[in-house]
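Single-structure report; data block below.
What follows is calculated from the coordinates using simple rules that are stated; it is not laboratory data. Everything quoted here is computed from the prediction, not taken from an experiment. Here the Cβ is made from the backbone with ideal geometry for all residues, glycine too, and neighbour counts use every protein chain on show.
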């Protein structure tokens, strides 16, 4: 089993992770997890734990994990949005076919305001992209 364990373990947290080095080569033959760093995925910061100095190998491994984690989170963001599109479609079907007048009264204003806000942001961002593309061509 000890040979199957990775050298590092990342305890994921809100903005990144706590990084541990795994040690199975001790006299008690148990798994020791030694905290070596805290990382922030949003700003790319790597802070060594305590007075520890991270090796180049440590930094390379942590950086590689952070890049993979950022890619995974970006994929999840897009997937969440595509799920929201599905949910909007399901909401439209619910409003069309099953919602009572009381239920519609309860949710209509909140939905309309949220959709208006979303539409405003999307239209502005689309316009910005079109203007940028036009300038880049010109």
With Cα springs under 10 Å, the Gaussian network model of the chain assigns the largest mean-square fluctuation among 124, 29, 52 to 124
Relative contact order of the chain (C-alpha contacts under 8 Å, at least 6 apart) in percent is 11 percent
Expressed as a whole-number percentage, the relative contact order of segment 31-73 with C-alpha contacts under 8 angstrom and at least six residues apart is 31 percent
Residue span residue 71 to residue 30: 0.36 nm per residue of separation minus Cα-Cα distance leaves a gain in nm of 11.4 nm
Inter-part gap, Cα centre of segment 63-138 to Cα centre of segment 1-54, in whole angstrom, is 36 Å
GNM on the chain, Cα springs under 10 Å; top mean-square fluctuation among 100, 127, 55 goes to 127
Subtracting the Cα-Cα distance of residue 103 and residue 43 from 0.36 nm times their residue separation yields 17.3 nm
Summing -39500 (n - 2.57) over every DSSP H run of at least 4 in the chain, dividing by its residue total and rounding to the nearest 500, the 222 nm mean residue ellipticity is -21000 deg cm²/dmol
If R0 = 35 Å, then residue 83 and residue 136, at their Cβ-Cβ distance, give a FRET efficiency to the nearest 0.05 of 0.60
